[in-house]
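Okay, structure first, notes after.
The values are calculated or read from the model by the stated rules, or taken from the named source; none is laboratory data. Note that the structure is a prediction, hence the values are computed from the model and not measured. Please note: Cβ atoms are built from the backbone with ideal geometry, for glycine as well, and neighbour counts cover all protein chains shown.
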Amino acid sequence: MREARRTTLKDIAESLGVSVNTVSRALADKDSVGLETRKRVKAEAERLGYVPNSTARSLVLGSASTLGMVITNPSNPFYAQLISGMEQHCRRHGYSLLLMATEESLANERRAAEELLRRGVDGVLVVAVQEGAEHWRRFRAAGVPLILINRDVPELNADLVGVDHVKGGYEAARHAVTQGARKIYFLEEDLGVSAIADRVEGYRRAMADSGLPVEPDTMIKVPTRRLEQSAMPWDPSEAYRLAREVVRTAQRPMAFVAGNDYFALGVYRVADEAGLRIPDDVLVVGYGGHPFAPYVIPSLTTVELPAADIAVSAVDRMLRRLGRQDAAGAPEQVLFPPRLVVRASSGGGGT
């Protein structure tokens, strides 16, 4: 059986008895073609199942009307919201979004960068692995704008749009202090990226401002789960294991500030098995504002992240970079403040 052939402009032209040039101009809504002819051409194109060749169009226009997005972990609810928000905002402005996932692997990131260059995207939005910059410098050499999302790569000297994680870590820890905890454990992923370093810095500042020491045993690093070189989605199990070792000897009231809401779930199970009451014996504060946070019992206090604001700001910034008015402007950093949402797990409202 012969494979179906793709409908071309020539097929439409022959069907209507007009020139290929007329069909092309009609489909592009050029005023040089009469309204009735444009309607006839579009109707015939639809009848024949014509689909424009985006590669050919990009050669003619000098633009692919496509932005690349490189992200580490699409299963992270924050990044899932970011992807959705960016795709919607791109669509409003006539752009498609091409998504590549790296799973915290430098090898995967290099492959993604190579593929996006090969496809000729107009710009690229990157949540970087932060283990190298040479593959990203190639975009600058090719005149392709690059905007960093949520993680900085200082040697690139590029635009950054993300979360003020120092503020987020500070507010989470400070809240635990104001609720009466004097021993505050910080559960954070053992991953060398700027977002985590900033949260740790926020925690340290809150402790210093409260006159409390940051003791070595209070900084609990949760190993990143990996399959070969790729990071796996967050899981409460390692946080559960590490928190279980802590609660046996810790003074009360204690608090756990978790670097993400999944780690907080591990603490919930530890407390339940140890007969500890949340929040009377142990306060729990999460991070990320994951969808399940209001529905666990007790409801989880967490730091919500402004994914929608970041998505719109990053795409708008890219569009300005692609426009003549701001193509070569100085790099900017835009950090949006997260929001502490107080619920029952730290002694706030809710059940």
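Report whether or not VAL18 is modelled with pLDDT under 90, farther than 25 Å from GLU109 by Cα and of a type in the set (Val, Ile, Thr).
Values: modelled with pLDDT under 90: no; farther than 25 Å from GLU109 by Cα: yes; of a type in the set (Val, Ile, Thr): yes.
It is false that VAL18 is modelled with pLDDT under 90, farther than 25 Å from GLU109 by Cα and of a type in the set (Val, Ile, Thr).
From GLU155, GLU201, GLU171, grab the single residue that is outside any strand (DSSP E or B) and modelled with pLDDT under 95.
Details: GLU201 fails: modelled with pLDDT under 95; GLU171 fails: modelled with pLDDT under 95.
Going through GLU155, GLU201, GLU171 in turn, just one is outside any strand (DSSP E or B) and modelled with pLDDT under 95: GLU155.
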For this session: Please identify the pairs in which a residue from the range 105-121 that is in the same structural domain as PHE139 (by TED's automatic domain parsing) and in contact (Cβ under 8 Å) with a residue 60 or more places away in the chain has its Cβ atom under 8 Å from the Cβ atom of a residue that is assigned to a helix (DSSP H, G or I) and polar (S, T, N, Q), counting only partners at least 6 apart or on another chain.
Result: GLY120/SER58
Exercise. Which numbered condition trips up GLY211, out of (1) touching a helix residue (DSSP H, G or I) at 6+ places or on another chain (Cβ under 8 Å); (2) more than 22 Å from VAL127 (Cβ to Cβ); (3) free of Cβ contacts under 8 Å to residues at least 40 places away in the same chain?
Worked result: (1)
Exercise. Filtering the range 13-54 down to residues that are closer than 22 Å to SER65 by Cβ and of a type in the set (Gly, Ala, Ser), which residue is surrounded by the fewest Cβ atoms within 10 Å (Cβ to Cβ)?
Worked result: GLY49
For this session: Just give me the residues in the range 22-46 being closer than 17 Å to THR7 by Cβ and either polar (S, T, N, Q) or over 39 Å from the mean Cα position of the chain (by Cα) (or both), in sequence order.
Result: THR22, VAL23, SER24, ALA26, ARG40, VAL41, ALA43, GLU44
For this session: State all residues of the range 118-148 that are under 25 Å from ALA195 (Cα atoms) and either basic (Lys, Arg) or part of a helix (DSSP H, G or I) (or both); if no residue qualifies, say none.
Result: GLU134, HIS135, TRP136, ARG137, ARG138, PHE139, ARG140
Exercise. Does VAL144 qualify as being in contact (Cβ under 8 Å) with a residue 40 or more places away in the chain, more than 30 Å from PRO216 (Cα to Cα) and either among the hydrophobic types (A, V, I, L, M, F, W, C) or crowded, with 24+ Cβ neighbours inside 10 Å (or both)?
Worked result: no
Exercise. Taking the range 233-249, which residues are of a type outside the set (Ser, Thr, Tyr) and either surrounded by 14 or more Cβ atoms within 10 Å (Cβ to Cβ) or at pLDDT 95 or above (or both)?
Worked result: TRP234, ASP235, PRO236, GLU238, ALA239, LEU242, ALA243, ARG244, VAL246, VAL247
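Can you pull out the residues in the range 175-188 that are in contact with a strand residue (DSSP E or B) (Cβ under 9 Å, 6 or more places away or on another chain) and surrounded by fewer than 22 Cβ atoms within 10 Å (Cβ to Cβ)?
Residues of the range 175-188 that are in contact with a strand residue (DSSP E or B) (Cβ under 9 Å, 6 or more places away or on another chain), as a first pass: 175-177, 179-188.
The answer is VAL177, GLN179, GLY180, ARG182, LYS183.
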